1. With +1 on each Lys and Arg Cβ and -1 on each Asp and Glu Cβ, how big is the dipole of region 173-305 about its Cα centre, in debye rounded to the nearest 20?
2. Taking the Cβ-Cβ separation of Ala67 and Val206 as r and a Förster radius of 45 Å, what is the calculated FRET efficiency to the nearest 0.05?
3. In nanometres, what is the gap between the two model label sites at Ser296 and Leu90, each 7 Å from Cα along Cα-to-Cβ?
4. Tell me, how many Å apart are the Cα centres for region 81-106 and for region 272-297?
5. State whether region 179-240 is rounded, prolate or oblate according to the following rule on the C-alpha gyration tensor (a ≥ b ≥ c being the square roots of its eigenvalues): a/c under 1.5 gives rounded; otherwise a/b larger than b/c gives prolate, and the remaining case gives oblate.
6. Within region 159-233, what whole-number % of the accessible surface is contributed by carbon and sulfur, with the 1.4 Å probe and all protein chains included in the calculation?
Amino acid sequence: MVAAVFHTRIEAGPPAAPSTVNTPVHVNTASPAAPAATAAPRAPRDFSVLWLRVLPPLLGFGLLLLAWELVAKGVAGGFPGPAATWQQALEVFSHPFYRNGPNDQGVGWNVLSSLQRVGLGFGLAALVGIPAGFAIGRFEFLNRMFSPLISLLRPVSPLAWLPIGLLVFKGANPAAIWTIFICSIWPMVINTAVGVQRVPQDYMNVARVLDLSEWKIVTKILLPAVLPYMLTGVRLAVGTAWLVIVAAEMLTGGVGIGFWVWDEWNNLNVGNIIIAIFVIGIVGLVLEGVLVKLASAFTFEEVKS
């Protein structure tokens, strides 16, 4: 019976209904009366940036070129126009670093020599002028002692100091560096001193209450507050130094952009003189732009505005 039980076919239940794959039905819940979305109208193009930023400089340069061309046609004696100067500039800048002797070098070497003199004179002026400005602005006694001297010497033309440099240093190159130094120091001294004097008195009262040392007062309180004024003095000093070095090199000779201008005048090469004028302007513009970016990076927003 056991065997009969195990060998008896087990009757299956009623067959299951065939399974059908039910695809999901998405019911559209949106209202059938909702209108279709329409594309927003395209805003008109704004040409104010082109009109205010691009067009005026182009018109200014165009006016310069027109005046230049009229002068070139009206002046007898081989004054080159814009087209002729452009062709000559291509030749000059095709080999800017050639050397054919101490007095015959490319425009690149002359610019680098002038920048080297400006860097040395300006660096020495910063090492002396910025600490002097801090001291003059910080202590009333020093302010009263040096203010008359600064007022007396600052209006003197920088080139008036060139003979003194030639007499003392016995050389054209150190005399030019001395001239850069003496013309660069005044903006840094004056602006740094003014910045120190404009530090709020509350800051100094807090420093006095906390019994801070003079070093901490300078580094923690004065320097952050004076930095915008100091960088303004640095910008003014670099601009003055680049202006003066051209005239100083024209008088002292040697290698430099100023000497290059004078040498080309002696050779009656007016085209290279015009090229040198543009080179001087572009280098000065680059120096100014670098210092503006530097000043913006270290200047507080309320001082910028």
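The values are calculated or read from the model by the stated rules, or taken from the named source; none is laboratory data. Keep in mind that this is a model prediction, so the values were computed, not measured. FYI the Cβ positions are ideal-geometry reconstructions off the backbone, even for glycines, and counts take in every protein chain you see. Surface areas here come from the heavy atoms of the whole protein model, side chains and all, with no ligands, DNA or RNA. Shrake-Rupley method; radii C 1.70, N 1.55, O 1.52, S 1.80 Å.
1. About 340 debye.
2. The computed FRET efficiency comes out at 0.15.
3. Here the answer is 3.5 nm between the modelled labels.
4. Between the Cα centre of region 81-106 and that of region 272-297, the gap is 20 Å.
5. On the way: a/c = 3.46, a/b = 2.73, b/c = 1.26.
Prolate, since a/c reaches 1.5 and a/b exceeds b/c.
6. Carbon and sulfur atoms account for 67 percent of the accessible area of region 159-233.
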